[in-house]
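In what follows, a single structure is set out as structure tokens and then discussed.
Just so it is clear, none of the values below were taken in a lab; they were calculated from the coordinates. Predicted, not measured: the structure shown is a model, and the values here were computed from it. Heads up, the Cβs are rebuilt from the backbone with ideal geometry, glycines too, and the neighbour counts pull from every protein chain shown.
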Amino acid sequence: SAAEKGGWDSFMDKEIHEDPAAVQRTLLGRLDKHGDINLDEVRIEPHDFKAIDKIIVIACGTAAYAGMVAKYAIEHWVRIPVEVELAHEFRYRDPILTPRTLVVAISQSGETMDTLMALRHAREQGSKVLAICNTQGASIPRESDAVLYTHAGPEVAVASTKAFVAQITAAYVLGLYLAQVKGAMFRDEIQSTLDALKAMPRKIQWILDTQTAAIQKAAEQMVNAKSFLFLGRHVGYPVAMEGALKLKEIAYTFTEGFAAGELKHGPIALVDEGEPIVFIVPPARGRNVLHAKVISGIEEVKARGAFIIAVAEEGDPDVERYADVVFWRPKAPTLMSPLVDVVPLQLFAMDMAKLKGYDVDKPRNLAKSVTVE
Ligand code: G6P
């Protein structure tokens, strides 16, 4: 009903606008009065956490892309290897699991059968499983050793939006907690990273407040495009994959997400006059070498006639030179940037689907939660 949608004309619209709250609520209550991370709710003892020497994230769809983002952050902060594996692949390849492996099962619904079967397999092999889940009491948290709930609130639209930013937030809290118990970071480093995380809801809100008209206009311009490439590097790579997934899920447009560095190893063959390419541009500050590399990728495809849509940090001068359309996002540290970069892509997919007359909340052939293997 209209009331359930809180004044928005679709659940997806409502839920994208809840991205800031989803991040904020997922952070709430996880810091004690000294500002230390306190995961009392998690039923794994600190000394067991301390012993962990590897993380394997298992998930499907959007949740797996949240896991890929977390890999960059957790490896950087905690200095232990983090693998991310699609749950349906994981179980059938004889993965290496020990009692010191922490398996993190990420699932919005907590009912995805592939993820549930993978976590059962991990526990049978003696590993501990921690669920990151948005649904209280669902099968995945029930069968895990511990759970860290995302507090995004119920997500109704089939294509996941606010759950994604909440999953990244929860995985980051877990990563910083591990850094704390393992002594992998100085206390003030953990504090400043948490401060950066706490600032993200406000930055997401800025996008919702200032960029929607430009995004709508771009969707109108691109509505008849047959295919899109999405390219990003580092944490922008999983964001590109997620942006591509959103657009194919609800606008039924053929999309591919790639690591921008792969451009010359294949995707550039697809680039033709007018081919739309979405670039996730890393921050330009501090002579970021990744920024220069992504910009040179943009130049290369621009020279071949591509239509460039860039998601870029406010004030990036290079982007303005080459991009046909820019979705601006506020300045944020690299590891925090997925929380802002994904938002325009969620809005863009929704606008495209609406312009094509599709039901954005219930795309054809897809289910909110896939409870069969
Ligand atoms: C389905 C949904 C996706 C979701 C995936 C994983 O494919 O359509 O939006 O990302 O399942 O769902 P989960 O509930 O485990 O996060």
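Here are some notes:
- Placing unit charges on the Cβ atoms only, positive for Lys and Arg and negative for Asp and Glu, gives the range 175-305 a dipole magnitude near 380 debye about its Cα centre.
- Paired Rg and Dmax values of the range 1-70, which use every Cα atom, in angstrom: 17.3, 50
- Each label point was placed 7 Å from the Cα along the Cα-to-Cβ direction; for HIS34 and ARG142 their separation is 3.8 nm.
- Taking all Cα pairs closer than 8 Å and separated by 6 or more residues, the relative contact order of the range 297-353 comes to 28 percent.
- Long-range HN-HN contacts of LEU148 with modeled amide H, under 5 Å: ALA131, ILE132, CYS133
- Rounded to 0.05, the FRET efficiency of the ARG93 and LYS356 pair, given R0 = 30 Å and the Cβ-Cβ distance, is 0.20.
- Taking every alpha-carbon pair under 8 Å whose residues sit at least 6 apart, the chain reaches a relative contact order of 19 percent.
- If the Kirkwood radius is taken over C-alpha pairs of the range 106-262, then at 10 °C and 1.306 mPa s the Stokes-Einstein diffusion coefficient equals 87 µm²/s.
- Spatial separation of Cα centroids for the range 268-284 and the range 207-242, in angstrom: 11
- Sequence-ordered 3J(HN,Hα) estimates for the range 330-344 from the Karplus curve with 6.51, -1.76 and 1.60 and θ = phi - 60° stand at x, 4, 7, x, 3, 5, 8, 4, x, 5, 9, 4, 6, 4, x Hz, glycine and proline given as x.
- Once the convex hull of all Cα atoms in the chain is built, its volume per residue stands at 136 Å³.
- Unit Cα scatterers, Debye sum, the range 1-160: log10 I(q)/I(0) for q = 0.11 Å⁻¹: -0.46
- Site pair GLN125 and PHE254 shows an inter-label distance of 3.7 nm when each label is modelled 7 Å from Cα along Cα→Cβ.
- Restricting the calculation to Cα atoms, the range 280-373 shows an Rg/Rh of 1.08 when the hydrodynamic-style radius is the Kirkwood one.
- Per-residue packing, averaged as other Cβ atoms within 10 Å, sorts the ranges 138-150, 169-181 into the order 169-181, 138-150, beginning with the highest.
- Each residue of the range 105-112 was assigned a 3J(HN,Hα) from its phi angle through the Karplus expression (A = 6.51, B = -1.76, C = 1.60, θ = phi - 60°), giving 9, 9, 7, 4, 6, x, 10, 5 Hz with x at Gly and Pro.
- Estimated vicinal HN-Hα couplings, Hz - the range 223-228 in sequence order (Karplus 6.51, -1.76, 1.60; Gly, Pro = x): 4, 9, 4, 7, 8, 9
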